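Here is the structure we will look at.
Taken together, the values in this text are just the output of simple stated rules run on the coordinates, not laboratory data. Remember, it's a predicted structure, so these values are computed and weren't measured experimentally. Glycine also receives a Cβ, built like all others from the backbone with ideal geometry; neighbour counts cover every protein chain displayed.
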């Protein structure tokens, strides 16, 4: 029997759930650390195992990844093992010393979250006064140090109208800008999720920015939940959507060693814990990540079943699908579907 | 057909207003043959070079924050 050899090419590692912010949209309800988080040695072993499994990129996130005193030991180790490392931060703890460390680490990206076009909005969402101004200063320091900087903006009802303000801040700064939709997971209330019309407006905004500005002026893209296969708009994600990659080429590691195909999925999707079974055993288990590895077109939601891209698309983002419909493979926030329902109907 | 196009344009203009897009910006944002061709080129470039030069593959690009390096790889000389 042919057994497909999956590789966890891109790994997102929640190194700690400890966080110095209390963001209203946090999907993992971060704040205090988990009861038992991986030690430095356990983390180093994990990196070695991932390297052997074929991982090429490990993104360190939290909580706030910089709250771990050993973040640079882990990052250096990832680089020494020949993998790439991305640091995902809220920006608050980045200072001259952090930047010196980052220069040595040569990260693939340093991402800073900015969730508003003005200080009041960003600070209210992140529940930390002064955080917007701090982020703006940090962006300047990071770009001055020639580090590859990305701003990640999570959009919902409270902030999406400020995208034009943020665009004006990021224009001509050589900073990549990724826009993602807040999911109804963690502590984010369902009532603040974008309506389908608002969601489409954001996609239109991204498409318009691409048309209006050169890629050098504004390297902007939508994240994985800004799809899929629109009839009207060009691809918001730059590359074409090839279906949810959780458990196929993507892997999420919780700070306590819990393993999911994607960190944003709820705990029902935990496949095991590396403190009980090695990562290699969990990854290669024929019963792991079946929702994607054994996916069949019949599992698509009714509307996705009718779509000619259904099989390839797998019904969009699994987290959005599950959190809003309690079913896999039927993400209702699909540009093609919205067009069918509201624009071309 | 023409009515359909006008209906789509009218809807795009309405949707664009909430994000300060004027009617020209909203209509110009639509997919064009050029977009389709460019996407085919990017896909080809990714298939040939992506696995070597974009360490996270599409998953890295979508889930963990695209790096400016991804844009450099995909758009090369435009940077």
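The table below gives the values:
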{"read-out": "For residues of A:246-252, the mean tally of beta carbons on other chains within 10 Å", "value": "3"}
{"read-out": "Relative contact order computed over chain A (Cα-Cα under 8 Å; 6+ residues apart), in percent", "value": "17"}
{"read-out": "Value of [θ]222 nm, deg cm²/dmol, for chain A, DSSP H segments ≥ 4, -39500 (n - 2.57) each, nearest 500", "value": "-9000 deg cm²/dmol"}
{"read-out": "Along each principal axis, Cα extent of the range A:85-210, largest first, Å", "value": "44, 31, 25"}
{"read-out": "Most mobile listed residue (A:311, A:190, A:36) in chain A, GNM with C-alpha springs under 10 Å", "value": "A:36"}
{"read-out": "Which of A:29, A:288, A:100, A:230 has the fewest Cβ neighbours within 10 Å, and the rest in rising order", "value": "A:100, A:29, A:288, A:230"}
{"read-out": "FRET efficiency, 1/(1 + (r/R0)^6) with R0 45 Å, evaluated for residue A:29 and residue B:9 via beta carbons", "value": "0.60"}
{"read-out": "Inter-chain Cβ neighbour average for residues A:218-227, partner chain, 10 Å", "value": "4"}
{"read-out": "For residues of A:97-107, the mean tally of beta carbons on other chains within 10 Å", "value": "0"}
{"read-out": "Of all DSSP beta bridges in the protein assembly as shown, antiparallel share, percent nearest 5", "value": "10"}
{"read-out": "Nitroxide proxy distance, nm - points 7 Å out along Cα→Cβ at residue A:106 and residue B:40", "value": "3.7"}
{"read-out": "Longest to shortest principal axis, alpha-carbon extents of chain A, angstrom", "value": "56, 55, 34"}
{"read-out": "Ranked list, fewest to most other Cβ atoms within 10 Å of each Cβ, for A:71, A:92, A:177", "value": "A:92, A:71, A:177"}
{"read-out": "Extension gain from residue A:81 to residue A:42, taking 0.36 nm per residue of separation minus the Cα-Cα distance", "value": "12.5 nm"}
{"read-out": "Rel. contact order, % - alpha carbon contacts under 8 angstrom, at least six apart, the range A:265-345", "value": "21"}
{"read-out": "Estimated inter-spin distance, residue A:49 and residue A:195, nm [label 7 Å along Cα→Cβ]", "value": "4.7"}
{"read-out": "Relative contact order (%) - criterion: Cα under 8 Å, at least six apart; region: the range A:30-163", "value": "21"}
{"read-out": "Dimensionless Rg/Rh of the range A:222-345 - Kirkwood Rh, Rg from C-alpha atoms", "value": "1.01"}
{"read-out": "Extended-chain gain in nm, criterion 0.36 nm per residue less alpha-carbon gap, residue A:97 and residue A:231", "value": "43.4 nm"}
